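Down below is the structure, laid out as structure tokens.
The values are calculated or read from the model by the stated rules, or taken from the named source; none is laboratory data. Quick caveat: nothing in here was measured; it's all calculated off a predicted structure. All Cβ positions, glycine included, derive from the backbone under ideal geometry; neighbour counts span all protein chains shown. Side chains included, ligands, DNA and RNA excluded: accessible areas come from the protein's heavy atoms. Shrake-Rupley method; radii C 1.70, N 1.55, O 1.52, S 1.80 Å.
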Amino acid sequence: MDEELPPLGRARYAVLEVLNRGSQTDWVDAAAALEGLSDASDWPQVLARVFTELGDDAIGHAWKLGWMPREVLSAVRKALTAEAVRACAAMMRGQLERYSDTELSDRWIVHREELAGQTSAKNLAEAARGLGRWDRIALWALVLEVLDLIDEMPQIPRVEPLPGSPMIAHRLGVAESSRTYERIRALLAKAESTDSDAEAEAFTAKAQQLIARHSINEALLSSTEQRKREPETLRIIIERPYEKPKSELLAQIADANHCRPVYWAAGGFTTLVGDRSDLQSVELLYNSLLVQATAAMTRAGSLADRAGKSATRAFRQSFLASFAWRIGERLRESAAETAREFSEATGTDLVPVMRVRDERVDAKTHELFPKLVRGRSTRITNYEGHVAGLAAADAARLTTGDPITKD
């Protein structure tokens, strides 16, 4: 190394040299060596500045590759430790703190708020402030490990305008304030909180009917606009365990609500393509039905087969897979019934209107995923889980006699 370099350049050169050696490096030994490169009193601050700058560069590059904080944290959580997740959150929070709220879409703002829940440090330099030598070494080892992982991340379809982008216009997403979504959220919250299956099924049924009616209204509105609204994208993290049947539950809900799901197991998330109102509806319904399914599944407790070996995992895997299949069937029935009721009440032929929306969504999906292939569904290996999953889906049936009022 060139000893004539100024401290900042020397530190940057040394860190990059470590990263260039790749994942075979012992990150703790490398971090200790970096700490020991200088006895100067300000050397820890110099290292902190270099790690902060390199973290900013790496995270900014990840945004350009299509990643957002939730997906990055999911990838880190799958591969590394909880401590690495917190270090990564500090890196991403520091990068996003550079932007005002007006330079971020609603989704970016929510992701930034979630990062604050992962770490109190607003950036890496703040995370390192006040730490002793060995604690700093542990932190830098985590940062090196995270930087190495981020460097291997592939490009994925971008679902939001980049931070600071002038394309941020409609403030899409989770901050939706319409009366319809307030009512849907309230109904689903009641379905999740009640211990009565009958009440849960009525609340969920009403929510799905409101979702279907709202989708129809949005499609009709879009068909009268001179400039057609382009389909958009949303990514939803599929949490462990039982990721595959959970992704199938999301896929069934998406299919019933005019969205196309693309699950990437290695990334741990599903990308949804659809109209922005349908995307939000799918996300709300998935989160609620997952809560209901999990509650019903865990009430069965731990199970064992005839030989006394644990059968809990097979039961729950089969339960969720069967629940997903059955709930999708019921959702499609409910959506079709709502469409028939609307057509009969208004004399409107919805078939061509909804076909146009579906065709636009299919075209956008093909544009983003031109080499998409259909995967296999979860194999049912536990009959009791299969039956219990069907029963739970039926308990959350999506029909109700309550009238639907117009938005």
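List of remarks:
- By average C-beta atoms within 10 angstrom, highest first, the peptides 73-79, 269-275, 45-51: 269-275, 45-51, 73-79
- 29 Å Cα-Cα threshold exceeded, pairs from LYS64/LYS364; LYS246/LYS371; LYS78/LYS206; LYS190/LYS364; LYS244/LYS371: LYS78/LYS206; LYS190/LYS364
- Heavy-atom accessible surface of the stretch 239-360: percent carbon and sulfur, 1.4 Å: 52 percent
- Here the peptides 285-291, 10-16 are ranked by packing, the mean other Cβ count within 10 Å, and the order with the highest first is 285-291, 10-16.
- Ligands, DNA and RNA excluded, the heavy atoms of THR194 present near 30 Å² of accessible surface to a 1.4 Å solvent probe.
- Over all other residues within a Cβ to Cβ distance under 12 Å of GLY60, the charged ones net out to -1, with Lys and Arg as +1 and Asp and Glu as -1.
- Cα-based shape type of the stretch 50-209, given that a ≥ b ≥ c are square roots of the gyration tensor eigenvalues and the cut on a/c is 1.5: prolate
- Gyration tensor (alpha-carbon) shape descriptor, the stretch 72-154, a/c threshold 1.5: oblate
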